[in-house]
1. Considering only helices (runs of 4 or more DSSP H) fully contained in the stretch 137-204, which possess at least 1 residues that are under 25 Å from residue 40 (Cα atoms), modelled with pLDDT of 90 or more and in contact with an Asp or Glu (Cβ under 7 Å, 6 or more places away or on another chain)?
2. Is one or more of the residues making up the stretch 42-59 touching a Cys at 6+ places or on another chain (Cβ under 6 Å) and either open to solvent by less than 30 Å² (accessible area, probe 1.4 Å) or of a type in the set (Phe, Trp, Tyr) (or both)?
3. Just name the residue that is modelled with the highest pLDDT out of those in the stretch 124-136 that are within 16 Å of residue 58 (Cα to Cα) and over 10 Å from the mean Cα position of the chain (by Cα).
4. Is it the case that the stretch 115-129 has a residue that's of a type outside the set (S, T, N, Q) and exposed (fewer than 15 other Cβ atoms within 10 Å of the Cβ)?
5. Which residues, taken from the stretch 25-53, are modelled with pLDDT of 90 or more and of a type in the set (Lys, Arg)?
6. Go through (1) surrounded by fewer than 18 Cβ atoms within 10 Å (Cβ to Cβ); (2) without any contact (Cβ under 8 Å) to a residue 40 or more places away in the chain; (3) farther than 27 Å from residue 81 by Cβ and name the single condition residue 177 misses.
7. When the residues of the stretch 136-157 are narrowed to those that are more than 19 Å from residue 181 (Cβ to Cβ) and either β-branched (Val, Ile, Thr) or in contact with a strand residue (DSSP E or B) (Cβ under 8 Å, 6 or more places away or on another chain) (or both), which ends up least open to solvent (accessible area, probe 1.4 Å)?
Amino acid sequence: MRIVEVYSHLNGKEHILVHKPKLWTEIENVIAGVNAANCRTKISKEKRKKKHGKLYRPIALNRAFKKQLQKLGWHEDRVSYWVTTDSELIVKTMTLSADQQKAEILAAGKTPIGSYNQTDFVKNRVHIEVQFGKYSFVAYDLFVKHVAFFVGRKIDVGIEILPMKELQNLMSSGVAYYEGELYNLLRQGRSSPAVPLVVIGIAP
């Protein structure tokens, strides 16, 4: 596959190029190493998609990326935290460690509720989400997952890999695509979400 577009939010790409240049080369090589043709196996039942013949299968694309990334040491990780009903207490404890959060919530007489976010690909304080799912999944990645890992001090930059519209046209309906999600991201303003990001648009 190939990289078509890259958007750097809060200097995410610049941070990687300055501090982890080998990691950026590794990401480029992973994308180039995914054989999209092997993933074009789905026969669609949608009338408007039949003209395209076989479609790209998201599960197969995800597996191909997972194989490449795991081979290079990208691994699963999670960030754990505690929540409660008190909004002011949540803001106060958000940047503390999980143990400190729980202790502060208990000390305030509130009930702590354990929660966590999990991801498949983290390496050298960079977090990758490869997303060929529905629109809502991308919003969750951008405004919850990447932020959780950043606030939890697990990462410095989050990366979101998305299909370009030209690839999304050859997939089932409802899959998010780079151009649309770039619009959604920019609509939030320059400083939101408050985590450095790199959004990458790919195509066969």
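The values are calculated or read from the model by the stated rules, or taken from the named source; none is laboratory data. Quantities reported herein were computed from a predicted structural model and do not represent experimental measurements. Methodologically, a virtual Cβ is constructed for each residue, glycine included, from the backbone with ideal geometry; neighbour enumeration extends over all protein chains shown. SASA here: full protein model, heavy atoms, side chains in, ligands and nucleic acids out. Shrake-Rupley method; radii C 1.70, N 1.55, O 1.52, S 1.80 Å.
1. Filter on the stretch 137-204 gives 165-168, 178-187.
2. Among the residues of the stretch 42-59, at least one is touching a Cys at 6+ places or on another chain (Cβ under 6 Å) and either open to solvent by less than 30 Å² (accessible area, probe 1.4 Å) or of a type in the set (Phe, Trp, Tyr) (or both), which makes the answer yes.
3. Only one residue tops the list, namely 132.
4. yes
5. The answer is 40, and nothing else.
6. So the condition that residue 177 fails would be (1).
7. If we take residues in the stretch 136-157 being more than 19 Å from residue 181 (Cβ to Cβ) and either β-branched (Val, Ile, Thr) or in contact with a strand residue (DSSP E or B) (Cβ under 8 Å, 6 or more places away or on another chain) (or both), then 155 is least open to solvent (accessible area, probe 1.4 Å).
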